[in-house]
Amino acid sequence: MPEPVQPAWNLRDAQQSLTAELDRLAPVLDGLGSRFAEAGEDLHLVGGPVRDALLGRRVSDLDLTTSAAPETTERLLLGWADAVWDVGRDYGTIGCRKGEWQLEITTYRSESYDPASRKPDVAFGDSLAGDLGRRDFTVNAMAISIPDRTFEDPHGGVVDLAQQQLRTPGTPEDSFSDDPLRMMRAARFAAQLGFTVAPDVVAAMAAMADRIGIISAERVREELVKLVCAPHPRLGLTLLVETRLADRVLPELPALALERDEHHRHKDVYEHTLTVLEQAIDLEHRLDERPDFVVRFAALMHDVGKPRTRRFLPDGSVTFHHHDVVGAKLTRKRMRALRFSGDQTEAVSALVELHLRFHGYGEGEWTDSAVRRYVRDAGEQLERLHILTRADCTTRNRRKAERLRRTYDELEERIARLAEEEELAAMRPDLDGNQIMALLGIGPGREVGEAYRFLLDLRIDEGPLGEEEAGRRLRAWWSARTPL
Ligand code: ATP
Ligand code: MG
């Protein structure tokens, strides 16, 4: 279960960590700030880095905002930065690298979006206040001038940080009409920061959920990925479901909230799914790279085939035959619609399709070839399949859970053992039977087998020797050996 992200937060600590971060960044930022000042332009650190520094987190992306037009920014960067590139000149953003740091510098904006279009209508603004007023949330609408460190927080972002809440600088309705993607961002930041979303913001999300339809699938997907990979995905997902945004971006998820049958025989699949996701996150330490979107999304999608395959039997019990196959199909379809890469789509769908396979294992009745097929079918997803299958056990019956865990331990041990044995079995000596016969000038017979075993032992003890060396050793062995 996730613990609250922010332990005690107080202004003094926040000020201290902000100062410490700015000191750490001074070698890269202060010189640049002076260059802008000499040219008569303002430069401010803004948004994410200011928020994160106040939360006592290490800043990695450097987002800055400036009065300078993009051409001016570019000119001021040339001769200072190690590399300069165009992130989106039309949107006013120039990127650069200085040492190990990457910076994005954006001209003040006063954009307004055409409600019917997918792209923001960008107008450059002339004030920091105007720029901050158009940012998504108050905690992202704070700035610090560089190099003199004047702190600007016109919308009470610090208070919202202390209260751990997401509010919009203006009315949420205006903000979401300008850019409906901000509704997704509210859920994403809730999941990343562990914050609550202010009630008026939630209400606007619910009222305006339909508007997300004008946003491109790619932008929606990017926010969804960040949400799923955040420390508290349950918070963000719950918000998407409650405001019905999920009906538009990931309808398979709210569809899991099946009404219970009159006998209460089956668990609420939606609740189960969120728990499986959290349990999968707890097992992510088994992977090299964390957070792992593929295993998390597979956990989220593993049962999406259930609503469609649910059948009630005459005795009142319920079945979900083939929900693994149906679920994999639905997953593939959703991920295509969200423009995920083919690799990610295949990885997640394969896991959904395989998530039930282990339940045929019983108490360990699989033959070696069934175990091999499991490994082969999982392919590169094997470690993730281990995580998903283990996470997919939410029974409150401790003994049952313990039994399943032990059985899965056994399966993993068998897989390891087989892998080891098979590597041995697949191992060959450096010379084959024909080469042995040619080298020793003998015909087929018992001696060839003996020579083969000698070479195989040599191979196991000393690793590959190459044909020449193996031939030399074979001849030495042959002449030294006492014929039986
Ligand atoms: P991270 O980089 O960790 O994802 P961030 O807060 O830096 O978090 P970005 O998406 O990089 O978020 O955006 C940088 C800043 O730009 C945000 O802090 C916010 O102030 C502003 N911003 C980004 N997207 C929007 C948007 N759609 N509407 C309004 N403001 C936005
Ligand atoms: Mg950023």
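Annotation note: of ASP160, ASP148, the sole residue that is more than 16 Å from ligand 2 (Cβ to nearest atom), out of contact with any strand residue (DSSP E or B) (no Cβ under 8 Å at 6 or more places or on another chain), touching a residue at least 12 places away in the same chain (Cβ under 8 Å) and among the charged types (D, E, K, R) is ASP148. Residue under question is ARG453, and the condition is that it be open to solvent by less than 60 Å² (accessible area, probe 1.4 Å), assigned to a helix (DSSP H, G or I) and at pLDDT below 95; does it hold? So ARG453 fails the test.
Between MET301, MET335, the distinction of being under 19 Å from the mean Cα position of the chain (by Cα), without any contact (Cβ under 8 Å) to a residue 40 or more places away in the chain and open to solvent by less than 60 Å² (accessible area, probe 1.4 Å) belongs to MET335 only.
When the criteria are applied in full, VAL28 fails the requirement of being open to solvent by less than 20 Å² (accessible area, probe 1.4 Å) and within 16 Å of ligand 1 (Cβ to nearest atom). When segment 39-73 is limited to residues that are within 11 Å of ligand 1 (Cβ to nearest atom) and either polar (S, T, N, Q) or in a loop (DSSP other than H, G, I, E, B) (or both), the one that is surrounded by the fewest Cβ atoms within 10 Å (Cβ to Cβ) turns out to be SER60. Being under 18 Å from LEU227 (Cβ atoms) and open to solvent by 10 Å² or more (accessible area, probe 1.4 Å) holds for only one residue in GLU271, GLU278, and it is GLU278. Among residues of segment 131-168 being in contact with an Asp or Glu (Cβ under 9 Å, 6 or more places away or on another chain), open to solvent by 10 Å² or more (accessible area, probe 1.4 Å) and within 15 Å of ligand 1 (Cβ to nearest atom), the one that is modelled with the lowest pLDDT is ARG134.
The C-beta contact set for segment 54-81 (first residue closer than 20 Å to ALA14 by Cα, second residue of a type in the set (Phe, Trp, Tyr), distance under 7 angstrom, 6+ apart or interchain) comprises LEU62/TRP101.
Any residue in segment 5-21 that is at pLDDT 95 or above and within 16 Å of ligand 1 (Cβ to nearest atom)? Checking segment 5-21: at least one residue is at pLDDT 95 or above and within 16 Å of ligand 1 (Cβ to nearest atom). For segment 459-484, a residue qualifies if it is modelled with pLDDT of 90 or more and aliphatic (A, V, I, L, M), and the qualifying residues are ALA470, LEU474, ALA476, ALA480. Take the conditions crowded, with 20+ Cβ neighbours inside 10 Å, of a type in the set (Asp, Glu) and in a helix (DSSP H, G or I) and apply them to GLU353. Does it pass? For GLU353, the condition - crowded, with 20+ Cβ neighbours inside 10 Å, of a type in the set (Asp, Glu) and in a helix (DSSP H, G or I) - is met. Among the residues of segment 81-109, those identified as buried (at least 17 other Cβ atoms within 10 Å of the Cβ) and not in a strand (DSSP E or B) are ALA81, GLY92, TYR108. Taken together, the criteria exclude LEU78 from residues that are open to solvent by less than 20 Å² (accessible area, probe 1.4 Å) and more than 27 Å from the chain's Cα centre (by Cα). Take the residues of segment 304-327 that are of a type outside the set (Gly, Ala, Ser) and open to solvent by less than 20 Å² (accessible area, probe 1.4 Å): which is nearest to the chain's Cα centre (by Cα)? Here the answer is VAL304.
Note on segment 356-443: no enclosed helices (runs of 4 or more DSSP H) hold 2 or more residues that are under 30 Å from GLU467 (Cα atoms), of a type in the set (Lys, Arg) and touching a Gly at 6+ places or on another chain (Cβ under 8 Å). Look at (1) under 36 Å from the mean Cα position of the chain (by Cα); (2) assigned to a helix (DSSP H, G or I); (3) within 21 Å of GLY99 (Cβ to Cβ) and you find that PHE36 fails only one, number (1).
Quick check: is even one residue across segment 73-93 on the phi > 0 side of the Ramachandran plot and modelled with pLDDT of 95 or more? Scanning segment 73-93 turns up no residue that is on the phi > 0 side of the Ramachandran plot and modelled with pLDDT of 95 or more.
If you go through segment 82-102 and pick out every residue that is in contact (Cβ under 8 Å) with a residue 60 or more places away in the chain and within 16 Å of ligand 2 (Cβ to nearest atom), you end up with 1.
The values are calculated or read from the model by the stated rules, or taken from the named source; none is laboratory data. Being a predicted model, the structure only gives us computed values, none of them experimental. Reconstructed Cβ throughout: ideal geometry from the backbone, glycine too, with neighbour counts over all protein chains shown. Each accessible area value is taken on the protein alone, full model and side chains, heavy atoms only, with ligands, DNA and RNA left out. Shrake-Rupley method; radii C 1.70, N 1.55, O 1.52, S 1.80 Å.
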